[in-house]
Each structure stands twice: as structure tokens, then as C-alpha cells.
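Take a look at the structure set out below.
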Amino acid sequence: MKKYNVGIIGHGWVATAHIPAINATSLAQVTAVYSSRPLDSAELSAKYGSDITAYDDLDAMLANPDIHAVSICSYPYQHTEQVIKAARAGKHLIIEKPLCLSLKDLRAMQAAVKKARVKTCVCFECRYSNQLTATRALIDKGLLGTLHYAEADYYHGIGPWYGQFRWNTRKDAGGSSLLTAGCHALDALLHYMGTDVAEVTSYDTKSKSKIFKPYEYTTSSVTILKFRNGSIGKCAAIVDCLQPYYFHTHLVGSEGSVLDNKFHSMKLGTNKHQWSTLAIKLLDSGDVSDHPYTAQFETFFTALAAGKEMPLTSLADAARTHEVIFAADKSAATGRSVKM
């Protein structure tokens with residue numbers, strides 16, 4: 001089967017993970033890279049092991065009929081314009097998170113994709129991680145019964161030691177602690193509990209540490225979600241903590257519970273006085289090289305070849321997560337609960 005040729009938009013940190021991950025799939029290869037910085041085609045080809053053409057003109061790359069899809073790895077505030085341009089050019093889309101910084105921009109993206117009838121994949125790649133797939137399997141097999149409470153929390157101090165810090169501190173680039181990084185945890189929460197959120201209430205604050213002073217927005221938030229079926233959830237997004245990376249999960253159901261990589265199930269008859277352990281790889285790093293992009297991209301290109309929508313992380317899936325995030329940030333800003 002002929003491989004899909006993919007163009008990369010933005011050659012920064014995350015692109016260095018996307019390119020090898022795409023090249024590692026059975027159905028796609030990176031053949032072009034656009035960057036505002038001058039790049040050398042021969043150097044890129046040698047670095048990544050595929051024949052890559054460097055572009056300094058995005059329109060020129062999008063005009064190339066041999067490019068079937070693009071992966072948007074630029075700054076979040078550039079995504080909307082680039083998604084619309086690429087969709088109009090008929091290119092299928094891989095889009096890094098966060099998708100955008102406002103509900104207005106999200107709606108513009110959705111309209112462009114719908115009109116162009118292109119397929120989409122949004123990089124909530126944690127849904128393809130060992131931790132989330134195993135936890136989801138416990139839910140689907142009924143081993144936890146019906147969930148009525150869930151916590152999914154993101155603790156990751158993004159300070160000067162982290163490459164993202166130099167631009168992430170800006171309000172017009174990072175947006176909020178929930179949008180810039182905690183979105184992975186909120187997306188996991190919705191993956192477990194469903195997306196039918198009725199109301200959100202959020203509070204935010206900021207560390208007194210001088211390390212995080214450059215941030216133009218509050219860097220810690222906690223969001224309470226009420227679902228239409230009566231269940232509730234909590235998502236903390238903390239990017240100003242001084243501790244190891246921690247992606248916290250606690251699910252409570254009518255037949256059992258999960259705490260990170262530990263579980264108890266009445267249906268299995270496990271001892272409720274001590275946790276049983278799941279032999280899974282936990283999400284324990286914010287490093288993009290550790291993220292399951294290859295599994296996600298393999299699924300995307302397989303779906304594309306079959307003419308189907310991307311499972312789990314299409315634009316439609318990711319849009320709902322962003323709608324909840326924007327509602328949460330509105331709640332934190334206004335001090336009021338926001339109905340969905």
C-alpha cells in the first residue's frame with residue numbers, strides 16, 4: 001500500500017517527536033517540513049532517515065499535491081490559521097494540543113474541517129498510553145461497576161528548566177494551567193466518565209515562588225465537574241509545583257476502584273483491605289519522547305486508509321474536551337459555575 005506523505009508545520013521540540021513517530025508507522029512518512037527558521041533539506045533527511053524537503057513558505061508546502069496530510073506542531077496561537085489553511089488545501093490533519101486558545105477559534109477550525117471533509121487526529125495521545133488503555137479496559141469489562149466519582153490530576157512543574165517555559169508563560173500562548181498542560185488530565189477524565197458534562201466550577205491560584213513569577217496567568221487550578229447522569233469528577237492542573245511529574249488517577253465505582261496502577265474489584269474478589277497492582281507503564285513524564293505518538297498515528301493512518309474517522313482523538317472528541325476547558329476557565333475568571 002502506498003504511504004501517506006506528511007508535511008510538518010513548525011520544527012520545534014514536539015516536531016522532533018512527531019517526525020520519528022510518523023516514520024515508524026507502516027502507512028506514513030514525513031516528506032516535508034515548514035519552519036519560519038531556515039532549514040536544510042539534506043540535514044533534515046539525514047537526521048530523520050527519510051527524504052525531506054524544507055520549506056520556508058507554508059503556502060508553497062500546502063500547494064504540493066504530493067503531500068496528503070500535515071502535522072501542526074507550531075505554537076497554540078498559530079494553530080487556528082494553519083488548520084484552516086491546511087483544510088482548505090485538502091490536507092488531512094494531525095493537530096497538537098491545545099487546539100487553540102478560545103471557543104471562537106475552535107468553532108472556526110470545526111467549520112473549516114467540516115467544509116473540507118478532511119480527517120483529523122488531535123494529540124491527546126495519552127488515550128493510547130498503557131495506563132489509560134488498561135484502565136479503560138477495567139471499566140469496559142465492568143470490573144469497577146458504574147463510576148460515580150473520578151479524579152484525574154496533572155502535576156508538572158513547568159519552570160525555566162523546561163523548554164516550553166520560554167513561551168508558555170505568556171497568556172496569549174499558554175492560556176491557562178488547564179489548557180496548556182492539564183488538558184491531558186481533563187481529557188483522561190472525560191475518557192473515563194463520558195463527555196456529557198452538565199456544569200463546571202473552577203478555582204485557580206498561583207505559587208508564591210519566584211521561579212514561576214514570569215507566568216502571566218494563574219498556574220494552579222482545580223475544576224469540579226457535574227455530569228448529567230449524576231456522577232461527579234475533579235481535575236487539578238498544577239504547573240507550578242516543585243515535585244516529580246505525577247499524573248494522578250482515582251476512579252470510584254459500584255464494584256471497585258482504581259488508584260493509579262492499583263485496583264480493587266468486588267467482581268474479581270480481590271482483598272479490599274489492600275490494593276492489587278496492575279503491571280502497567282504509568283504516565284510519568286512530560287517529555288514528548290515518552291508519549292505514545294506512534295500508536296496514535298498508526299491508528300490515524302489506518303483509519304484514513306479505510307476512509308473512517310480517527311477513534312478516540314478526532315477533532316470532534318478533542319473539541320468536547322476543549323469546550324469543558326473553556327467553561328472551566330470562564331468559571332475561574334468569573335467566580336461562578338458555568339452550565340454546559
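What the table shows:
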item	result
Residues (within 17 Å of LEU225 (Cβ to Cβ) and of a type in the set (Asp, Glu)) located in segment 299-340	ASP317, GLU323, ASP329
Test for ASP51: is it out of contact with any helix residue (DSSP H, G or I) (no Cβ under 8 Å at 6 or more places or on another chain), part of a loop (DSSP other than H, G, I, E, B) and farther than 24 Å from TRP167 by Cβ	no
Filtered residue count, segment 199-251, keeping only those that are out of contact with any His (no Cβ under 8 Å at 6 or more places or on another chain), farther than 20 Å from LEU101 by Cα and among the polar types (S, T, N, Q)	5
Segment 162-206 - residue that is surrounded by fewer than 23 Cβ atoms within 10 Å (Cβ to Cβ) and acidic (Asp, Glu) and, of those, farthest from ARG336 (Cα to Cα)	ASP172
PRO98, sole failed condition from (1) of a type outside the set (A, V, I, L, M); (2) in contact with a Leu (Cβ under 9 Å, 6 or more places away or on another chain); (3) within 23 Å of SER36 (Cβ to Cβ); (4) not in a loop (DSSP other than H, G, I, E, B)	(4)
Extreme residue, modelled with the highest pLDDT, among residues of segment 136-161 that are among the aromatic types (Phe, Trp, Tyr) and surrounded by fewer than 18 Cβ atoms within 10 Å (Cβ to Cβ)	TYR149
Inter-residue pairs, beta-carbon under 9 Å, first among the aromatic types (Phe, Trp, Tyr) and in segment 6-25, second modelled with pLDDT of 95 or more and not in a helix (DSSP H, G or I), 6+ apart	TRP13/CYS73
Residue among GLY253, GLY230 that alone is of a type outside the set (A, V, I, L, M, F, W, C), more than 19 Å from the chain's Cα centre (by Cα) and farther than 25 Å from CYS126 by Cα	GLY230
Qualifying residues in segment 187-218 (those that are part of a loop (DSSP other than H, G, I, E, B) and in contact (Cβ under 8 Å) with a residue 60 or more places away in the chain) - the one farthest from LEU312 (Cα to Cα)	THR218
Residues of segment 208-231 satisfying the condition of being under 19 Å from ALA173 (Cβ atoms) and not aromatic (Phe, Trp, Tyr)	ILE211, LYS213, PRO214, GLU216, THR218, THR219, SER220, SER221
Matching helices (runs of 4 or more DSSP H) fully within segment 102-186 where at least 3 residues are in contact (Cβ under 8 Å) with a residue 24 or more places away in the chain and either in contact with a His (Cβ under 8 Å, 6 or more places away or on another chain) or closer than 19 Å to VAL197 by Cβ (or both)	103-116, 130-140
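The values are calculated or read from the model by the stated rules, or taken from the named source; none is laboratory data. This structure is a prediction, so every number in the text was calculated from the model and none was measured. Counting neighbours? That spans all protein chains shown, and the Cβs are built from the backbone with ideal geometry, glycine included.
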